[in-house]
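Since every read-out is calculated from the coordinates, none of them should be taken as a lab result. Note that the structure is a prediction, hence the values are computed from the model and not measured. Glycine gets a Cβ as well: all are built from the backbone with ideal geometry, and neighbour counts include every protein chain shown.
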Amino acid sequence: MKILVVGGAGFLGRHVVNQLVKDSENKVFVVDLKKPPKPLHNVHYITEDVAYVSRDKLPKRIDALIHVAGVRHEEKITSLQNEINTTVAATQLIDKIKPDKLAYISSYYVYVGAANSGKVDESSSIDANNLDAFASMKITCEKLVTQLCRESGVGYIILRPGPLFGEDPDCPTALCHFMQLGVAGEEVKIFGEGRRYVQYTYVEDTARGVVEAVKKVRNEVLNLVSPERYAMREIAEALSEMFGFKFVYLRERREGVSIPYISSEKAVKLLGWRPTPLREALNLVYKRLKDMKRTR
């Protein structure tokens, strides 16, 4: 397959690219504003803004376009604007490179709009009145990708990964922060009383799911979320038991909202996707962080 990854130098994007190149028959192109810390010799990197990349630098035709870019900024409005603009730019590549499929990496967080449900899946209704700005932006981008793909005869794949964790320094989630501080021997702070429920998903499992979806499905929406759901306090207790991490609760600070239980049974059925159990993945991340600390 010939595949173009928009945002392939970012946290999730790097892992997607790593999964893609495991198949020697894949020819992988990356469009990003920067190169990853460790560029791969068998990947063609185009270090330009996707909105302005020149046609002559792009492959003529590709099998799949994977849009995983998310340009963060300190200002929330700027971050939202950046992602919408990047999504528009990614869809504009349809005319330039004629992909057979376009995969958009959305987010589990769209289910904040189904907060009164006990369990949700891809068919659950999402109440637009319950969405915050980030979830609204993701839903808007999903609809944009779906509609433009339909109009162009391109297959769409909407993927909703869970909150991710891994050993990468640029991993943005709380669990990554916990792991990095804990391995460094520092005290870890938790907002509130740790009652928020989360389905943390190992980034390598998510990347594998993205690649399998591109290979196997068309015109589908899929959750890529671990089936294990824990309160933040339960995760903290597990980390204390496994690695001796020390936690302190900042009860005066507000913790985030809990999302309903998200089912990924559809991904299991269509892709054969089975994520690594949480404790096993935490052990992997811990060992890699310790190794990275020793080699600095």
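Below is a table of values for the structure above.
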quantity: Projected label distance in nm at Asp56 and Ser123, using a 7 Å step from Cα toward the beta-carbon; calculated: 5.2
quantity: Inter-part distance where region 149-176 and region 255-289 are each reduced to a Cα centre, Å; calculated: 13
quantity: Positive-end residue, the chain charge dipole about Cα centroid, Cβ charges, pick of Ser106, Leu175, Val211; calculated: Val211
quantity: Exposure proxy order (Cβ contacts within 10 Å, fewest to most) of His15, His44; calculated: His44, His15
quantity: Thr295 paired with Met1, simple spin-label distance in nm, labels 7 Å along Cα-to-beta-carbon; calculated: 2.9
quantity: Selected from Val217, Val268, Val248 as most flexible by GNM, with the chain as the system and alpha-carbon contacts under 10 Å; calculated: Val248
quantity: Local electrostatic count at Asp121 - Lys and Arg +1, Asp and Glu -1, tallied over other residues with Cβ under 13 Å; calculated: +1
quantity: Region 91-224: equivalent-ellipsoid semi-axes (sqrt of 5 x gyration tensor eigenvalues, Cα, Å); calculated: 31, 19, 13
quantity: Using alpha-carbon coordinates, inclination of helix 76-97 to the longest axis of the chain, degrees; calculated: 30
quantity: Computed E for Asp132/Glu234 - FRET, C-beta separation, R0 22 angstrom, nearest 0.05; calculated: 0.30
quantity: Linear extension gain, Glu265 paired with Lys246, 0.36 nm per residue minus alpha-carbon span; calculated: 3.3 nm
quantity: Under 24 Å, Cα to Cα: Lys pairs in region 131-289, sequence gap 8 or more or different chains; calculated: 13
quantity: Degrees between helix 133-152 axis and first principal axis of the chain (Cα, 0 to 90, nearest 10); calculated: 20
quantity: Estimated FRET transfer efficiency when R0 is 25 angstrom, pair Lys215-Lys35 (beta carbons, to 0.05); calculated: 0.45
quantity: Full-stretch length increase - Ser258, Asn82 - with 0.36 nm per residue and alpha-carbon distance subtracted; calculated: 60.7 nm
quantity: Stokes-Einstein D for region 1-144, Kirkwood Rh over Cα pairs, 25 °C, 0.890 mPa s (µm²/s); calculated: 152
quantity: Test item: Cα-centred dipole of the chain, Lys/Arg +1 and Asp/Glu -1 on Cβ, debye; calculated: 600
quantity: Cα centroid of region 19-38 to Cα centroid of region 178-220, whole Å; calculated: 21
quantity: Overall dimensions of the chain by Cα: Rg and Dmax, Å; calculated: 19.0, 56
quantity: Neighbour cut-off at most 11 other Cβ (10 Å), DSSP loop, trypsin sites (Lys or Arg not before Pro), region 83-167; calculated: none
quantity: Residue-span extension gain [Glu280 to Val21] - 0.36 nm each, minus C-alpha spacing; calculated: 90.8 nm
quantity: Region 1-88: chymotrypsin sites (Phe, Trp or Tyr not before Pro) in DSSP loop, at most 16 other beta carbons within 10 Å; calculated: Tyr52
quantity: Helix axis angle, 11-20 relative to the chain longest principal axis, alpha carbon, degrees; calculated: 60
